[in-house]
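Undergrad: Handing you a structure now.
The values are calculated or read from the model by the stated rules, or taken from the named source; none is laboratory data. Owing to the predicted nature of the structure, the values given are computational and were not obtained by experimental measurement. Heads up, the Cβs are rebuilt from the backbone with ideal geometry, glycines too, and the neighbour counts pull from every protein chain shown.
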């Protein structure tokens, strides 16, 4: 075994170690994509925190007046790519999902009150074309 002088040893960066550790290009891209998403998650979380937290005067950082709506959407979007989704409790008000039983009950109630036709589309795509014969 030959000893290589310490000054001749090549230092490997994170990307080079990743390339050597994982041979498949798709796996390399998946790992890189995860790191990018984590970076965006940390960045957006930090910006959101700064939007709501008042920093001490000793830091001499002026208060930032910004609308955190866009950053919050980026934050929740990146969280969703990791499988984390914000949800509301079933009994809470303010939207959320509607169950199949609730939808059927609403359709029945609408059918009782007004003469109308309800069309429920189960799968997409659907193309609606006018009939020229009745014109």
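Undergrad: Here is a list of conditions, (1) under 27 Å from the mean Cα position of the chain (by Cα); (2) surrounded by 10 or more Cβ atoms within 10 Å (Cβ to Cβ); (3) modelled with pLDDT of 80 or more, and residue 102 meets all of them except one; can you say which number that is?
TA: (1)
Undergrad: Considering only the range 27-41, how many residues are loosely packed, with under 12 Cβ neighbours inside 10 Å and closer than 17 Å to residue 72 by Cα?
TA: Residues that pass the stated criteria total 1.
Undergrad: Can you tell me which residue in the range 43-89 is surrounded by the most Cβ atoms within 10 Å (Cβ to Cβ), limited to those that are in contact (Cβ under 8 Å) with a residue 40 or more places away in the chain and in a helix (DSSP H, G or I)? Outline the logic, then answer.
TA: First, pick out the residues of the range 43-89 that are in contact (Cβ under 8 Å) with a residue 40 or more places away in the chain: 78, 81-82.
Subsequent filtering for residues that are in a helix (DSSP H, G or I) retains 78, 81.
Numbers: 78: 20, 81: 12.
Filtering the range 43-89 for residues that are in contact (Cβ under 8 Å) with a residue 40 or more places away in the chain and in a helix (DSSP H, G or I), the one surrounded by the most Cβ atoms within 10 Å (Cβ to Cβ) comes out as 78.
Undergrad: Also, I was wondering about something else. Among the listed residues 116, 92, identify the single one that is assigned to a loop (DSSP other than H, G, I, E, B), at pLDDT below 80 and touching a helix residue (DSSP H, G or I) at 6+ places or on another chain (Cβ under 9 Å).
TA: 116
Undergrad: If only one of 19, 12 is assigned to a helix (DSSP H, G or I), surrounded by 10 or more Cβ atoms within 10 Å (Cβ to Cβ), over 18 Å from the mean Cα position of the chain (by Cα) and at pLDDT below 80, which one is it?
TA: After ruling out the rest, the residue left standing is 19.
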